[in-house]
1. What nm distance separates the two modelled labels at Ala249 and Glu134, each placed 7 Å from Cα along Cα→Cβ?
2. Mind grabbing the accessible area of Ser283 for me, 1.4 Å probe, Å², rounded to tens?
3. What FRET efficiency comes out for the pair Asn348/Ala241, r = Cβ-Cβ distance, R0 = 56 Å, nearest 0.05?
4. Give me the percent of the accessible area of the range 334-433 that comes from carbon and sulfur atoms, probe 1.4 Å, all protein chains in place.
5. Given a Förster distance of 45 Å, report the FRET efficiency between Arg268 and Ala79 from their Cβ-Cβ distance, rounded to the nearest 0.05.
6. Along the Cα→Cβ direction, 7 angstrom out, place labels at Lys326 and Ser431. What is the inter-label distance in nm?
7. Find how much the distance from Glu290 to Glu122 grows on full extension, using 0.36 nm per residue of separation minus their present alpha carbon separation; answer in nm with one decimal.
8. When the expected Rg is taken as 2.2 N^0.38 Å, what fraction or multiple of it is the alpha-carbon Rg of the range 264-422?
Amino acid sequence: MYWTTILLIVFLPIVSSIGLYEQCGGEGYKGSTECNWPLQCFRRSVWFSSCQISCPSSDWECASSESYLGENADDAGAANWEQCGGEGWNGATWCLDHPCQPRSQWYSQCRPDCPSGWLCSEIPDEEILEEDLEDLESYNPEEVEEEDEEEETETDGFPDPSTVDLDALQQTEQALLGEVDLEEDPFADAEDEEEEFTIGRRRRRRSTVRAASCKANGKSGTCKSTSSCKGTSVPGHCPGAAHIQCCIAKSSSGNSKPSGGSCGSYARAAVRSIKGNGNKAYSVVKVKKEHLANPGSYSLSPTSSDNTMTTSTACAFDKIATAARKAGVSIKIASAFRTISRQQYFWNCYVTKRCNNGNLAARPGTSNHGRGIALDLNTNCGKQTRARPNCGGSRVYQWLYKNAHKFGFTRTVKSEPWHWEFRGVGVGRASFS
């Protein structure tokens, strides 16, 4: 038994990761191909690849492609007009030149256009009116640069949320470890508070006459007395006396933030203050059950589920989800605002390897989930390892790609097609999306 143990130790393969500038591939190379995170294995020639932060030079072969093509990647992408996807397809899922266009669940092809009747043609490029974005913050690149300089940001290494329920996993593991969440749920009385508001609103409706809606100068308004209008009164658009005019509410300035959860279906949601990055208090609302990928997470405390959103992100998400729903696309949230204590839980799991499968986690205070701007959505198309994501068959992703930036959302983590951040109206698409 003693000698058997020694032999097993001697012959067990040792898998190690590689540091900066060290070789990670090439013809005849027998060593490890795994680079230390966040390095990637970049190809210089058929004979040599090394771990780098980015492709080092234009004379390296990696510079001829839009992204890193690791040693574990397919030898080549699909050529123009060849198949590149579909259920059961085992060939290349990225194209050398053209995008991979989905024809159906079963077939995708590398081609420059999207023919009529194909799945890709069913996703509309929405026309968004300016008035639909009135409540949303505007993108300010200078402000973003200042934030990036002030705060160090890191990303988690979690799998596609469609493949694992982090909330259920945490509940199970904490129960097995005998851990109990002792923090008070700040939303424990939220439903009662919202119910009281709803009852009061119904009573007011019975005792008041609903004001007629109107439209003036391309904007929607309400017919009311000029003396009670807090915006701009426009005559000639309402019936009745001369002082009853179309009242157009004042639009918020580009850099102002909506007050409370004052937008769409979150207009009267209970607002609570919860600490996130930098121990800063953020005003958040509970994500509605119908907006959650797992509605069962609604009843969990924010320390056990990322089931809250900052009020500004909630306002923007409500608009984007409503627009997508009209196109037959259902966008759901798997993870939203993350409390500092929950990020600490994930970090401890990463350090101890006792929970959350030991997945890489951002250090507490460095994840954008803790700033209230990041949402993990139900794109359900896995990680991205190429120049383009393998998301041709995901209606949610295709709709987001065409329309999310119009509502101020953009991708910021190349490897995670599900990770979208609200940066403000006017933000551009990510180059790798």
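The values are calculated or read from the model by the stated rules, or taken from the named source; none is laboratory data. The model shown is predicted, which means the values in this text are computed figures rather than measured ones. When we count neighbours, we look across all protein chains shown, and the Cβ atoms used for this are built from the backbone with ideal geometry, even at glycine. For the accessible areas, the whole protein counts, side chains as well, though only heavy atoms, and no ligand, DNA or RNA atoms are used. Shrake-Rupley method; radii C 1.70, N 1.55, O 1.52, S 1.80 Å.
1. Between Ala249 and Glu134, the label points sit 0.7 nm apart.
2. 60 Å²
3. With R0 = 56 Å, the Cβ-Cβ based efficiency is 0.25.
4. That share works out to 49 percent.
5. 0.25
6. Placing both labels 7 Å beyond Cα along the Cβ direction yields 3.4 nm.
7. Gain in length upon complete extension: 58.1 nm.
8. 1.02
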